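A short worksheet on the structure shown next.
Values quoted throughout were computed directly from the atomic coordinates according to the rules given, and no laboratory measurement underlies them. These figures come from a predicted structure and were not determined experimentally. Backbone-built Cβ (ideal geometry, glycine too); neighbour counts: all protein chains shown.
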C-alpha cells in the first residue's frame, strides 16, 4: 500500500493583496511581508478606510435607519478617530490644509460624496448581510494557507452566496477588469473550499464613478485560480527558502514607496531579517 505524504501547512499565509504583490514584483512582496518596511500613509487609502468603516457600521442600524443622513453623520467622527490613531496621517492631513478650510474639511466632503454614490447603487434598507468584514481562510492541497477579509457576504434564502466589495476609486478599463476581480475570485475560492458552497455572484461597487461590476464564477474558473495560487505559493516558498527576491521593473514602479531600496533605481535592499514574522500584515482597504 502506498502512503501519500500530506504537505505541511505553511507558517505563512497568502492574501489577495500579497499575491498580487508577488506577481507584480517579488522584491515588493519581500519589503512588505518579510522586512515589514513602513510605507507613508496616503489620503486616498485613508479615505477608503473611512468609507469601509462607515458602510460596516451602517448595517449595525435597524433597516429603516440606514439612510444617507445616517451615513453622513459618521464621517467626521470616523475621520477624527483615524487621525488620532495615526500621527503620520494627522501630519499629512495638516499639510493638505488649504487656508481656513483645512484638509479635514475637504476630506470629509469627498467622503460624503462617495457615501452618497453608494446609495445610488443599492438600498441598504433592503439588505441583511450574512457577514461583514469577515475573515475567511483555507489551506490548499499543497499546504499553502489562504486568508483575507471580505467586505460583505450576502446569503439568499436558498443558500446562494454573493460576495461584495466596496472600492472608493473608479472602475478600471475593461482590459484591467481581470486584475480587479482577482481579489473577489480569491475570496470565492476560499469560501468554496472552506464551506463547500460556491458563490454565485461577485460584485464590486466603484463609488467614485458609480459603477457596478458583476462576475459569476464557476467551478472551472476557480479550479484554474487554485492552480495558479498553488504555483504562486511554490514560488514564494522557494524565495523564502533561498532568499532570492528578484525585482521586476514595470510601469507600476512609479507608484512604489521603496524605490530608494530597489536595485532598479540604484538602491540596495536591507539585509534580510534573521527571523521572519509568519503572519501576513493587513492590506489597506479601498
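Potential lengthening of the chain between residue 155 and residue 254 amounts to 31.6 nm, from the contour at 0.36 nm per residue minus the alpha-carbon distance.
Normalised by the number of residues in segment 158-281, the average gap of Cα pairs under 8 Å and 6 or more apart makes the relative contact order 20 percent. Taking the helices alone, the chain has a mean residue ellipticity at 222 nm of -13000 deg cm²/dmol, built from -39,500 (n - 2.57) per DSSP H run of at least 4 residues and averaged over all its residues. Averaged over residues, the count of other Cβ atoms within 10 Å places the peptides 165-172, 212-219 in the sequence 165-172, 212-219, highest first. Run through all the Cα pairs of segment 179-276 and give the fraction in each 5 Å bin from 0, expressed as whole percent. P(r) over segment 179-276, rounded to whole percents: 2, 10, 15, 13, 14, 15, 14, 11, 6, 1.
Our summary gives the chain a relative contact order of 25 percent, counting only alpha carbon pairs under 8 angstrom and 6 or more residues apart.
Expressed as cubic angstrom per residue, what is the convex hull volume of the alpha carbon set of the chain? Working shown, then result.
On the way: hull volume 46.6 nm³, N = 286.
Convex hull volume per residue, Cα atoms: 163 Å³.
Short-range pairs are left out: with C-alpha atoms under 8 Å and at least six residues apart, the relative contact order of segment 43-126 is 40 percent. The stretch between residue 200 and residue 231, if pulled fully straight at 0.36 nm per residue, gains 8.6 nm over its current Cα-Cα span. Does segment 9-132 come out rounded, prolate or oblate, given a ≥ b ≥ c as the square roots of the eigenvalues of its C-alpha gyration tensor, rounded meaning a/c under 1.5 and, failing that, prolate meaning a/b above b/c? Since a/c reaches 1.5 but b/c is at least a/b, the shape of segment 9-132 is classed as oblate. If the chain linking residue 96 and residue 39 were pulled fully straight, counting 0.36 nm for each residue of separation and taking away their Cα-Cα distance, it would gain 18.7 nm.
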